[in-house]
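The values are calculated or read from the model by the stated rules, or taken from the named source; none is laboratory data. Just so it is clear, the model here is predicted, and its values are computed rather than measured. FYI the Cβ positions are ideal-geometry reconstructions off the backbone, even for glycines, and counts take in every protein chain you see. Surface accessibility is based on the protein's heavy atoms, side chains included, excluding ligands, DNA and RNA. Shrake-Rupley method; radii C 1.70, N 1.55, O 1.52, S 1.80 Å.
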Amino acid sequence: MEAATAELLRRMALGERQALARAITLVESSSARHQAQAEHLLAGIIRARKRSPGVRNQEVVTGQNLKLCPPLRLGIAGPPGAGKSTLIEALGRQLTGAGHRVAVLSVDPSSRVTRGSILGDKSRMHELSRDPRAFVRPTPSGGHLGGLARRTADAVALCEFSGYDVVVVETVGVGQSEDSVDGVADVVCLVLPPASGDELQGAKKGILEVADLVVVNKCDGGLLQAARATASDYRAALHLGRPKHKANPLGAAPVLLASAKTGAGLPEVWEAALAARAFLLQSGTLLARRAGQAEASIWDQALIQLTQMVRGDPALKALVRAHSQALAEVPGGAFLGGQAGGCPRGGPNAGPDARAGPVGEQEGGGGGPPMEATPRSAAAHLARAIARRLAELLPGDELRP
């Protein structure tokens with residue numbers, strides 16, 4: 001495994017796209033063997049980074065390549081139909097034409113029924129996909145909430161190691177509260193279609209709060225007037241709110257007009273992204289931001305692994321089934337938010353024996369009548385059982401760093 005990992009790292013360092021695609025497959029795989037190889041791969045990248053930290057806040061020209069150091073992580077978010085993929089295609093071609101190497105990680109929604117994903121965003125980037133200076137990788141969300149896939153942050157690190165100085169992360173079509181892209185990107189660009197809301201819509205919290213720039217796309221033809229009105233509404237709303245970075249002299253996030261179809265406004269979009277990156281570098285905010293992102297990623301991955309661990313425990317699975325069955329038998333819709341404590345299991349005329357079982361377990365364990373179960377109390381019971389189970393499984397020295 002170590003020899004195969006070393007060879008894959010060597011090929012990635014040379015910029016081979018097939019090697020990068022293989023590495024991302026290993027990182028995203030749920031196979032235990034692939035996960036072990038992915039850990040060796042990521043550890044090798046971290047060792048290489050420590051030996052060669054790179055140049056800060058510079059553009060380095062090597063041959064025909066124009067390289068940003070450190071690479072720019074650009075998040076692209078927005079509602080479905082805003083034209084995110086088409087905008088990335090147009091902007092990416094301009095950047096590769098200027099000498100940059102561009103990687104695009106496009107997250108597509110997964111079906112909750114079939115668990116499959118169409119992965120259709122790449123079909124809107126057919127020119128960029130064939131560009132030798134670009135790498136386009138569609139990824140299913142796998143049911144992960146927030147607009148990203150579970151291993152997007154690791155895929156970003158792989159792209160940077162492979163020499164891509166602009167890494168674009170495109171989220172699924174997101175709503176107002178889905179702002180996970182801010183956890184992997186340096187600069188977040190919110191893409192909106194014309195007629196996407198008024199001042200009240202712009203004043204709502206969520207994804208707009210983490211945007212470093214806002215782009216109203218499809219600003220061409222008959223949509224031009226609607227796009228200008230939308231941009232005006234969002235500018236007014238953003239100036240009333242709190243800027244993302246208080247110390248940023250640029251103030252509120254700029255609202256720009258662009259057309260992926262004609263290319264109008266794309267140079268201004270890129271300049272705004274570079275200005276946001278320059279502030280992060282010059283103020284020293286970028287290092288703190290990436291440290292915060294790494295901390296959040298550790299918690300996220302730990303919770304995912306913890307969930308997998310406890311969901312596979314037979315005793316805990318039996319406890320959850322017992323609670324679920326008991327709650328499903330409560331009459332009058334108590335499980336759906338009805339008055340807790342109104343009726344014991346079996347109906348209003350049921351005797352005291354109907355309260356037995358995990359649902360009737362008391363919180364304090366003392367005397368008095370048992371408490372009726374609610375989804376919250378069932379969850380609390382499960383949490384205590386998980387804590388006891390983990391205390392049995394993990395030795396004390398696991399808590400040491």
Which listed residue, of Glu295, Glu209, Glu268, is open to solvent by 50 Å² or more (accessible area, probe 1.4 Å), closer than 26 Å to Leu72 by Cβ, without any contact (Cβ under 8 Å) to a residue 24 or more places away in the chain and under 23 Å from the mean Cα position of the chain (by Cα): Glu295
Test: residue in the range 242-256 that is outside any loop (DSSP other than H, G, I, E, B) and of a type outside the set (A, V, I, L, M, F, W, C): no
The range 194-206: number of residues that are surrounded by fewer than 19 Cβ atoms within 10 Å (Cβ to Cβ) and modelled with pLDDT of 85 or more: 0
Close pairs (8 angstrom Cβ cut-off, 6 or more residues apart or separate chains): at pLDDT 80 or above in the range 315-343, among the basic types (Lys, Arg) anywhere: Ala315/Arg389; Leu316/Arg389; Lys317/Arg311; Ala326/Arg345
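Within the range 157-175, does at least one residue satisfy the condition of being at pLDDT below 75 and open to solvent by less than 20 Å² (accessible area, probe 1.4 Å)? Walk me through it before giving the result.
Restricting attention to the range 157-175, the residues satisfying the condition of being at pLDDT below 75 are 174-175.
Still in the running and open to solvent by less than 20 Å² (accessible area, probe 1.4 Å): 174.
The answer is yes; a qualifying residue exists.
Anything in the range 31-47 that is out of contact with any Asp or Glu (no Cβ under 8 Å at 6 or more places or on another chain) and open to solvent by 70 Å² or more (accessible area, probe 1.4 Å)? List them, or say none.
First, the residues of the range 31-47 that are out of contact with any Asp or Glu (no Cβ under 8 Å at 6 or more places or on another chain): 31-37, 39, 41, 43-47.
Matches in the range 31-47: Ala32, Arg33, Glu39, Ile46, Arg47.
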Residue count for the range 6-30, restricted to those that are farther than 13 Å from Leu158 by Cα and surrounded by 11 or more Cβ atoms within 10 Å (Cβ to Cβ): 3
Residues being open to solvent by less than 40 Å² (accessible area, probe 1.4 Å) and out of contact with any Pro (no Cβ under 7 Å at 6 or more places or on another chain) - total across the range 221-262: 14
Tally of residues being among the hydroxyl-bearing types (Ser, Thr, Tyr) and at pLDDT below 70 across the range 96-155: 4
